[in-house]
Amino acid sequence: MIQKTVYIKIKPSQIINLETFVLSLLAIPFIIYIDDVMKEYLPLTFISNEIKVHLYRFPTYLSAFVLINLIYKGFQVYCIQYEVDSEELRCYSGIFKRKHEIIELYRVKDFLIEKPLIYRLLGLGNLTIYTSDKTTPVLRMQAIKEPEEKYKILRGLVELNRREKHVFEVD
């Protein structure tokens, strides 16, 4: 069996979930406010006891939903992994339904590096890879460390792979 060397093995940063984290933090005072308002102003004289229990627990249900969503989003990013060896670019993703995307390196056509301000402050960036692959024409590697370095390694491997397989790009 031929041993393949993995040149790049990276995971995205949790900074992708910044919006979810901020909204979750903002939801906490809102949920506390809802709890206080419901206990003070909700007319419960015409409501049955079974429903009253659930109405009083509504802020707890809402808090549980926010927490579960936060944990799910965190696991979703944690389960993403990118690997590059001498012949393939592989992307693994998914929590319950794992998805393995495999792109032959000779199919890579172009690259794009984006570095939003908050990513630059943390030394991160997005590397977008355009391919001639039918199933994955565009692969976005979001919030990865040192995207320029990953680009240089990937570009060299793409050129080497094309020379080995005698593949030439024709548009």
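The values are calculated or read from the model by the stated rules, or taken from the named source; none is laboratory data. Everything numeric here is computed off the predicted structure, so don't read it as measured data. So basically every Cβ, Gly included, is an ideal-geometry build from the backbone, and we count neighbours across all protein chains shown. Accessible surface areas use protein heavy atoms only, side chains included; no ligands, DNA or RNA. Shrake-Rupley method; radii C 1.70, N 1.55, O 1.52, S 1.80 Å.
Mean residue ellipticity at 222 nm from the helices of the chain, using -39,500 (n - 2.57) per DSSP H segment of n ≥ 4 over the full residue count, to the nearest 500 deg cm²/dmol?
Numbers: 4 runs with 78 residues, N = 171.
Calculated mean residue ellipticity at 222 nm is -15500 deg cm²/dmol.
Which value, in Å², gives the accessible area per residue of segment 53-171 when a 1.4 Å probe is used on the protein heavy atoms? Can you show the working numbers first?
Working: 7450 Å² over 119 residues.
Value returned for segment 53-171: 63 Å² of accessible area per residue.
Label segment 95-134 by shape, choosing from rounded, prolate and oblate, from the square roots a ≥ b ≥ c of the eigenvalues of the Cα gyration tensor; if a/c is under 1.5 it is rounded, and otherwise prolate applies when a/b is larger than b/c, oblate when it is not. Before the final figure, lay out the partial values.
Working: a/c = 3.79, a/b = 1.40, b/c = 2.71.
Cα axes put segment 95-134 in the oblate bin.
Largest first and in whole Å, give the semi-axes of segment 1-102's equivalent ellipsoid, each being the square root of 5 times a Cα gyration tensor eigenvalue. Each step should come with its number before you reach the end.
Values: eigenvalues 446, 41, 8 Å².
Computed over segment 1-102, the values are 47, 14, 6 Å.
As an exercise, identify the trypsin sites (Lys or Arg not before Pro) in segment 82-121 lying in DSSP coil whose Cβ has no more than 14 other Cβ atoms within 10 Å.
On the way: sites: ARG90, LYS97, ARG98, LYS99, ARG107, LYS109, ARG120; in loops: LYS97, ARG98.
The qualifying sites are LYS97, ARG98.
Does segment 58-127 classify as rounded, prolate or oblate by the C-alpha gyration tensor (a ≥ b ≥ c root eigenvalues; a/c under 1.5 gives rounded; else a/b over b/c gives prolate, otherwise oblate)? It would help to have the intermediate numbers written out before the result.
Details: a/c = 3.93, a/b = 1.69, b/c = 2.33.
Verdict is oblate for segment 58-127.
Which lysines, if any, have their Cα less than 19 Å from the Cα of LYS11, not counting same-chain residues under 8 positions apart?
The qualifying lysines are LYS73, LYS97, LYS99, LYS115, LYS145, LYS150, LYS152.
Separation of segment 98-171 and segment 1-41 by C-alpha centroid, Å?
So the two Cα centres are separated by 26 Å.
Restricting attention to segment 131-171, which trypsin sites (Lys or Arg not before Pro) occupy a DSSP loop and are surrounded by at most 10 other Cβ atoms within 10 Å?
Values: sites: LYS134, ARG140, LYS145, LYS150, LYS152, ARG155, ARG162, ARG163, LYS165; in loops: LYS134.
Here the trypsin sites (Lys or Arg not before Pro) that fit, given the DSSP loop and packing criteria, are LYS134.
With r defined as the distance between the Cβ atoms of LYS39 and GLN14 and R0 fixed at 35 Å, what FRET efficiency is calculated, to the nearest 0.05? Display every interim value, and only then the final one.
On the way: r = 36 Å, r/R0 = 1.02.
For R0 = 35 Å, the calculated efficiency reads 0.45.
Using DSSP to call loops (not H, G, I, E or B), can you name the trypsin sites (Lys or Arg not before Pro) in segment 1-78 whose Cβ has at most 12 other Cβ atoms within 10 angstrom? Intermediate results must be reported in sequence, preceding the final value.
Details: sites: LYS4, LYS9, LYS39, LYS52, ARG57, LYS73; in loops: LYS4.
Answer in residue order: LYS4.
Describe numerically, in nm with one decimal, the distance between label points set 7 Å from Cα along Cα→Cβ at TYR130 and at ILE118.
Label at TYR130, label at ILE118, 2.7 nm between them.
Under a point spin-label approximation (7 Å from Cα along Cα-to-Cβ), what is the ARG98-ASP110 distance to one decimal in nm?
About 3.4 nm separates the two model spin labels.
Carbon and sulfur together cover what percent of the accessible area of segment 75-128 at a 1.4 Å probe radius? Can you show the working numbers first?
Working: 1650 of 2960 Å².
On segment 75-128, the fraction of accessible area on carbon and sulfur atoms equals 56 percent.
Put a dot 7 Å past each Cα toward the Cβ at VAL167 and ASN49; how far apart are the dots in nm?
According to this spin-label approximation, the distance is 7.1 nm.
Out of these labelled values of Rg and Dmax of the Cα atoms in Å, (1) 19.5, 66; (2) 15.5, 52; (3) 23.7, 80, which was calculated from the coordinates shown here?
The value computed from this structure is option (3).
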